[in-house]
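See below for the structure under consideration.
What follows is calculated from the coordinates using simple rules that are stated; it is not laboratory data. Treat the numbers as computed from the prediction; the structure is a model and nothing was measured. Every residue, glycine among them, receives a Cβ derived from its backbone with ideal geometry; neighbour counts consider all protein chains shown.
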Amino acid sequence: MQNFILVRGARQLLTLRGPSGPRRGADLRNLGLIQDGAVLIAGGLIREVGPSRRIENLAAARGAQEIDASGCVVMPGFVDCLTYLAAGPPRLMEYEMRLAGTSWQEIQQAGGGTLALARSIQDLSFRAVEAFAMRALEDAVRHGTTALEARSGFPLSEAGEIKTLRVHAALEKRCAPVPVISTLLCARPAPGFEDRADEYLDWARSHLLASVKRRKLAECAAIRCGGDGFSAEQAHAFLSAARRMRYALRVEASGGSGSAAINLAAELNASSVDNVTEASEHDLARLAQSASIATLLPGAEFHLGTRCYVSARRLIDHGAAVALASGYHPVTCPSLNMQMITALACAGMNMTPAEAIAAATINAAHALGLNARIGSLEAGKSADLLILSVSDYREIPYRFGVNLVDLVMVKGEILVRRSEVKWQPD
């Protein structure tokens, strides 16, 4: 006999029910809100969703374990669709140097930067990298993330890439029921191949992709297009090879390469085009007509102090599907707080609170190909939900920087409960 759980009395229940595809345009603002809502759960899955009065009167709800959500917002867990979870310790020296006005070139000369980060990961033991990643994942869950992507992309050697992907696999095993979707990212040529990018990619296509697939260490393959990454032609060749091996495809824009990345994603039907910071009218039209989701990273713009926020409003108004992610990375965004990410999206990217929540849940689930299982509260989906200590969903971005989570549930299992403040009696 299954044990039933009844989450009842939510002042606002955000179901995110809606069209089968990614939310676009006005649909992005439709949260499927139910006043005084309830969710009935059994076997880790949602059985019924609706007004508390109706759900409480169901035969299956009688005798169910009750969770009182009175006065609170209940919503799907956040889906963080882009992180560098296994990236080692904080980069505090670089942080202080950057605050002091030190240029990126000077930071690299002083022993910091991307190459130094890659070396630190390579030098750490597997267990040490896993411990840092585990701590980061726990932090994400405490702030309401119930599924996330983790990518590699710190190339010094094949062994380094494989170690990162093995950490992802270890987290997926240790941290069940939270899904960790692993992505092999070809970010830039490894040291020694800077002037031989084609040669490096030939190796990546013929060997690395096959090796990772054989070990079942990654579901997705991504490549950085532009900037310090690869040309559109090189990226096309890599992703075409990955598609033949049945990887899900993702494109990461870099260095103002929005147009090339969008066209590449649309042509190859990639699930997402990440870190889009600029796009022409033609690019926006093509993105709107494609299945690719534009993943936006407001946390990086905030942390790096660039304030060069892309206008999500333009993307949305042109019909593009957008998702939000933390982009967690020790250098560019050392935060996994998706509540804060929604606040930054509203303040810096001209998104409404409803749009930001939809982009950080159901659209992010689409970006990972998990929309049939997570991202909304619907019968048959995984019981991944949050109870937040607010009475209106607009308080989530409004109260920026505050962890509003009272409860985190994944597959019907309670992973986090807020501890109470214990005041001394008078």
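Sequence-ordered 3J(HN,Hα) estimates for segment 268-276 from the Karplus curve with 6.51, -1.76 and 1.60 and θ = phi - 60° stand at 9, 6, 5, 5, 8, 10, 9, 6, 6 Hz, glycine and proline given as x. Electrostatic tally near Leu368: other residues with Cβ closer than 11 Å to its Cβ, Lys and Arg +1, Asp and Glu -1, net -1. Our coupling estimate for segment 218-230, obtained by passing each phi through the Karplus curve with A = 6.51, B = -1.76, C = 1.60 and θ = phi - 60°, is 8, 8, 10, 10, 9, 9, 8, 10, x, x, 8, x, 10 Hz, Gly and Pro reported as x.
For the pair Phe126 and Asp228 in one chain, pulling the backbone fully straight at 0.36 nm per residue adds 34.0 nm over the alpha carbon distance.
May I ask which residue of Ile316, Ala265, Ala279 lies farthest towards the positive end of the charge dipole of segment 259-319, with charges of +1 (Lys, Arg) and -1 (Asp, Glu) on Cβ and the Cα centre as origin? Farthest towards the positive end: Ile316.
For segment 306-373, a/c is not less than 1.5, where a ≥ b ≥ c are the root eigenvalues of the C-alpha gyration tensor, and a/b does not top b/c. That puts it in the oblate class. Excluding same-chain neighbours fewer than eight residues apart, the lysines reachable from Lys173 by a Cα-Cα span under 30 Å are Lys163, Lys213, Lys216, Lys381, Lys411.
The DSSP beta bridges internal to segment 79-367 are antiparallel in roughly 5% of cases.
For the chain, the longest principal axis of the alpha carbon atoms and the long axis of helix 338-349 meet at an angle near 70°. Relative to the Cα centre, the charge distribution of segment 364-408, modelled as +1 at Lys and Arg Cβ and -1 at Asp and Glu Cβ, gives a dipole magnitude of about 120 debye. Computed from point charges on the beta carbon alone (+1 for Lys and Arg, -1 for Asp and Glu), the dipole magnitude for the chain about its Cα centre is near 1100 Debye. A cut-off of 5 Å between modelled amide H atoms, ignoring neighbours fewer than 5 places along the same chain, links Leu85 with Arg151. Sparsely packed loop sites in segment 333-426 (the trypsin sites (Lys or Arg not before Pro) outside DSSP H, G, I, E and B with at most 10 other Cβ atoms within 10 Å) comprise Lys422.
Measure out, as a whole number of angstrom, how far apart the alpha-carbon centroids of segment 205-271 and segment 1-72 sit. Their Cα centres are 38 Å away from one another.
Under the shape rule built on the C-alpha gyration tensor, where the axes satisfy a ≥ b ≥ c, segment 79-367 is rounded, since a/c falls short of 1.5.
Most mobile of Gly88, Gly327, Gly113 per a Gaussian network model of the chain (Cα springs, under 10 Å)? Checking each option, the largest mean-square fluctuation is seen for Gly113. Report, to the nearest 10°, how far helix 232-244 tilts away from the longest principal axis of the Cα atoms in the chain, using its own Cα long axis and a range of 0 to 90°. The helix 232-244 is inclined about 60 degrees to the chain.
Between Gly327 and Leu82, the built amide H atoms are under 5 Å apart, and every one of these is 5 or more places off in sequence or on another chain. Each of Tyr200, Leu239, Gly50 was scored by the projection of its Cα onto the charge dipole of the chain, and the greatest displacement toward the positive side belongs to Gly50; charges sit on the C-beta of Lys, Arg, Asp and Glu. Take every Cα pair under 8 Å whose residues are at least 6 apart in sequence, average their separation, divide by the length of the chain, and the relative contact order is 21 percent.
Distant-in-sequence amide contacts of Leu45, defined by a placed amide H-H separation under 5 Å and a gap of 5 or more residues or a different chain, comprise Ala383. Counting beta carbons within 10 Å around each of Ser20, Ser211, Ser259 and listing the fewest first gives the order Ser20, Ser211, Ser259. A DSSP coil position with no more than 10 other Cβ atoms inside 10 Å describes the following GluC sites (Glu not before Pro) in segment 328-426: Glu420. Rounded to whole numbers, the Karplus 3J(HN,Hα) couplings from phi for segment 23-29 are 6, 9, x, 5, 4, 5, 8 Hz, using 6.51 cos²θ - 1.76 cosθ + 1.60 with θ = phi - 60°, and x at Gly and Pro.
Test of the criteria: in segment 41-140, which trypsin sites (Lys or Arg not before Pro) are in a DSSP loop and have at most 16 other Cβ atoms within 10 angstrom of their Cβ? Sparse-neighbourhood loop trypsin sites (Lys or Arg not before Pro): Arg62. With the helix formula -39500 (n - 2.57) applied to DSSP H stretches of n ≥ 4, the chain reaches a computed 222 nm mean residue ellipticity of -10000 deg cm²/dmol. Helix 113-123 versus the longest principal axis of the chain: what is the Cα-based angle in degrees, 0 to 90, to the nearest 10? Once rounded, one gets 80 degrees. Projecting the Cα atoms of Thr306, Gln2, Met340 onto the dipole axis of the chain, where Lys and Arg carry +1 and Asp and Glu carry -1 at the beta carbon, places Gln2 farthest toward the positive end.
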